[in-house]
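Worksheet: one structure, shown below.
The values are calculated or read from the model by the stated rules, or taken from the named source; none is laboratory data. This structure is a prediction, so every number in the text was calculated from the model and none was measured. Please note: Cβ atoms are built from the backbone with ideal geometry, for glycine as well, and neighbour counts cover all protein chains shown. Protein only, heavy atoms only, side chains kept; ligands, DNA and RNA dropped before computing areas. Shrake-Rupley method; radii C 1.70, N 1.55, O 1.52, S 1.80 Å.
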2 protein chains.
Amino acid sequence: MKKITIGEAARQSGVKVPTIRYYESIGLLSELSRSEGNQRSYEPSDLDRLAFIRHARELGFEIEAIRTLLHLQDDPHQPCASADAIAKARLIEVEQRIRSLNALKAELELMVEGCGHGRVDQCRVIEVLADHGKCAHPHH
Amino acid sequence: MKKITIGEAARQSGVKVPTIRYYESIGLLSELSRSEGNQRSYEPSDLDRLAFIRHARELGFEIEAIRTLLHLQDDPHQPCASADAIAKARLIEVEQRIRSLNALKAELELMVEGCGHGRVDQCRVIEVLADHGKCAHPHH
DNA sequence: CCTACATCCTCTAGCGACTAGAGGTGCAAG
DNA sequence: CTTGCACCTCTAGTCGCTAGAGGATGTAGG
């Protein structure tokens, strides 16, 4: 069991030092050991947990969802229906967000294209912002 | 000049009452008049401004960007290059976000499809989260 | 004129997920 | 033994609101 410092754990996991301490403070990391001088020390399983959290955060899961997923991981004989449900919910969120961003993209492109680079009173960017009715897709 | 209350302004602009007060507190709305009893009163130009802010927020512009856009709108003889730049920057952000979300979507779909609805120790959702290397596209 | 009730007012605190900084301790190298 | 970095705890700040307390105003009905 090689124990490493929080700085080294940060380097290896890609999670920043204050963020690791934050995750500990909100109870995402199981109790970990301290050195004589009260410094945190991490072992490989802690690094796995940090990597799990980081990956889940990158995929946009909320902390509370991650807490549930970690509980499931800790108890591998549970049925995985809830993990499945969490991932599916996230997928639906992502799909909606993509649709909405595509609409925004279209709107922004029209604005930027329509800008004649003159003065503000002829600027399509300002004009469209001021009048929602000038949007191509009035859904947002 | 018909003056209306904050509640009516909220109804007409689609911006909630506390949010209108918040925008005023951070200086997004120009000085507005009050009734005898110290209640805010709004006129049509204030409603236009609220609609502008709301539309810009829906398009994802940050408050500070909106502050700049409002200054530009207030002074229509300025060149519109900065409005253009703000909109372009936002467009680039949106495009990046869409790309990144599409990658997440692919990952989540693989996770959800691969889940055999059995127990956690065979669950692909947990497995992939735990091991970034199992991602199809290891870019995030 | 009085009462009831909705709406308004100000002020402070809370959300999520960190991030920044102050002020102090531990530890390894020279 | 000192230098200097990495660590510790704690508090407060970020963004864009949102919620709630506690009180004032405005309006409609009796």
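For segment A:77-85, the criterion of being touching a Gly at 6+ places or on another chain (Cβ under 9 Å) and open to solvent by 70 Å² or more (accessible area, probe 1.4 Å) is met by at least one residue. Exactly one residue out of B:R54, B:R49 is within 13 Å of DNA strand D (Cβ to nearest atom) and either of a type outside the set (S, T, N, Q) or touching a Pro at 6+ places or on another chain (Cβ under 8 Å) (or both): that is B:R54. The single residue among A:R34, A:R54 that is at pLDDT 95 or above and open to solvent by 70 Å² or more (accessible area, probe 1.4 Å) turns out to be A:R54. Counting only residues that are without any contact (Cβ under 8 Å) to a residue 12 or more places away in the chain and of a type in the set (A, V, I, L, M), segment B:90-124 holds 6 of them.
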